[in-house]
Amino acid sequence: MADFSMFELALLAAALLATGLVAGIVAGLLGVGGGIVIVPVLYYMFTALKIDQSVLMHVAVGTSLATILATGTSSARAHWKRGSVDVDLLKRWWWAIGLGVIAGATLAGNISGGSLTLIFGVVALAVSANMLFRKDGSALAEKLPGSPVKELIGFIIGGISVMMGIGGGTLGVPTLTLFNYPIRKAVGTAAAIGLIIAVPGTLLSIYFGLGEPDRPPFSLGYVNLIGFFLIIPASTFAAPLGAKIAHTIDPSKLKLVFALFLGFTGLRMIYGVLF
């Protein structure tokens with residue numbers, strides 16, 4: 001593990017606290033999952049702190065997955081109480097998502113940091129394009145396809161999400177709404193999917209990162225414990241502030257800004273790896 005001075009440790013803690021605040025505000029503003037915010041912010045923070053490139057993205061992804069264990073549990077419970085979780089779908093889908101998570105986490109644990117960054121960049125661009133160009137209410141079909149296509153979709157959602165360090169919302173919600181799911185049902189079900197992703201994803205991030213050199217201090221595998229304990233309370237504190245601001249700003253403009261941020265981040269990551 002990399003050696004840090006007390007000043008560098010304090011700087012790391014401040015950066016991680018700031019990450020939680022930014023993630024919470026953006027999540028409150030746009031209703032997006034924390035992972036799609038936390039990973040790119042950690043990427044920028046760790047780059048500024050000169051965390052070794054070989055582990056930078058792995059730690060960003062692993063730490064993000066760990067935070068979803070807490071935030072995802074709270075979100076899934078809230079949606080469960082409101083009856084907006086499709087339990088029948090989860091009963092048929094959980095194992096395919098879980099297999100995707102295991103495959104994705106195993107791949108992520110055995111590829112370079114550059115490759116992992118490239119994957120995040122490409123998918124971030126796709127998510128950005130979906131937010132910018134897809135019309136509200138547009139659907140691909142009236143319902144999810146039957147087996148085995150439905151299971152393949154779950155496998156892909158689980159695999160890509162765990163490699164990006166995100167929960168179920170970023171890919172799950174647009175996928176379900178493409179198949180004519182009501183938005184509230186899609187959001188609630190995706191929140192539960194986030195836990196299916198985060199639990200094995202976090203454990204595998206810890207396992208594959210054990211003994212890896214150049215990780216930030218106080219890291220358990222690829223999960224940075226300082227980040228885990230600072231990001232969760234900071235994002236929880238800041239989310240209501242973001243929600244409050246959202247009522248004073250045009251949501252479509254916020255969505256545009258975030259889509260552009262994701263697009264810029266994706267392009268920057270891809271450029272950094274390839275050039």
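FYI, it's all coordinate maths here, none of it is from the lab. Computed from a predicted model, the values in this text were never measured in an experiment. Backbone-built Cβ (ideal geometry, glycine too); neighbour counts: all protein chains shown.
A few remarks follow.
- Across the options ILE226, ILE111, VAL257, the greatest Cα extent toward the positive end of the charge dipole of the stretch 6-274 (unit charges at beta carbon of Lys, Arg, Asp, Glu) belongs to VAL257.
- Considering only LEU152, LEU69, VAL87, and ranking their Cα positions along the charge dipole of the stretch 57-173 that arises from unit charges at the beta-carbon of Lys, Arg, Asp and Glu, the one farthest toward the positive end is VAL87.
- Judged by the mean number of other Cβ atoms found within 10 Å, the most tightly packed of the peptides 193-199, 116-122, 163-169, 206-212 leads the ranking 163-169, 193-199, 116-122, 206-212.
- Here the 3J(HN,Hα) profile of the stretch 147-158, calculated from phi with Karplus coefficients 6.51, -1.76 and 1.60 at θ = phi - 60°, is 5, x, 5, 4, 5, 5, 4, x, 4, 5, 4, x Hz, Gly and Pro shown as x.
- Pairs over the 32 Å Cα-Cα cut-off, from the set LYS150/LYS244; LYS143/LYS253; LYS150/LYS253; LYS91/LYS135; LYS81/LYS255: LYS150/LYS244; LYS150/LYS253.
- In this calculation the C-beta distance from ILE183 to THR236 is compared with R0 = 22 Å, giving a FRET efficiency of 0.40.
- Its Cα centre serving as origin, the stretch 82-229 has a Cβ charge dipole (Lys and Arg +1, Asp and Glu -1) of approximately 400 debye.
- Placing unit charges on each Cβ (+1 for Lys and Arg, -1 for Asp and Glu) gives the chain a dipole about its Cα centre, and among VAL55, MET131, ILE38 the Cα reaching farthest toward its positive end belongs to MET131.
- Using θ = phi - 60° in the Karplus curve 6.51 cos²θ - 1.76 cosθ + 1.60, the 3J(HN,Hα) couplings for the stretch 72-81 round to x, 4, 4, 5, 4, 4, 5, 5, 4, 5 Hz; x is entered for Gly and Pro.
- The chain, helix-only ellipticity at 222 nm - DSSP H runs n ≥ 4, -39,500 (n - 2.57), divided by all residues, nearest 500: -26500 deg cm²/dmol
- Highest-first arrangement of 238-249, 178-189, 57-68, where packing means the average Cβ count within 10 Å: 57-68, 178-189, 238-249
- Read-out volume of the Cα convex hull per residue in Å³, derived from the coordinates shown; its label in [x] 119; [y] 194; [z] 130: [x]
- Amide H contacts of SER219: LEU225, each under 5 Å away and 5 or more positions distant or on a separate chain (H built 1.01 Å from N in the peptide plane; Pro and chain starts excluded).
- Distant-in-sequence amide H partners of ALA2 (H built 1.01 Å from N, under 5 Å): ASP214, ARG215
- Length added when fully stretched, HIS247-ALA10, from 0.36 nm per residue minus Cα-Cα: 81.8 nm
- Restricting the trypsin sites (Lys or Arg not before Pro) of the stretch 58-127 to loop positions (DSSP other than H, G, I, E, B) with no more than 10 neighbouring Cβ atoms within 10 Å leaves ARG82.
- Pairwise centroid distance, computed over Cα atoms, of the stretch 108-138 with the stretch 243-257, Å: 23
- Taking Cα centre as origin and charging only the Cβ of basic (Lys, Arg, +1) and acidic (Asp, Glu, -1) residues, the dipole magnitude of the stretch 142-237 rounds to 320 debye.
- Peptides 13-19, 34-40, 3-9, 47-53 ordered by packing proxy, namely the average of other Cβ atoms within 10 Å per residue, highest first: 34-40, 13-19, 47-53, 3-9.
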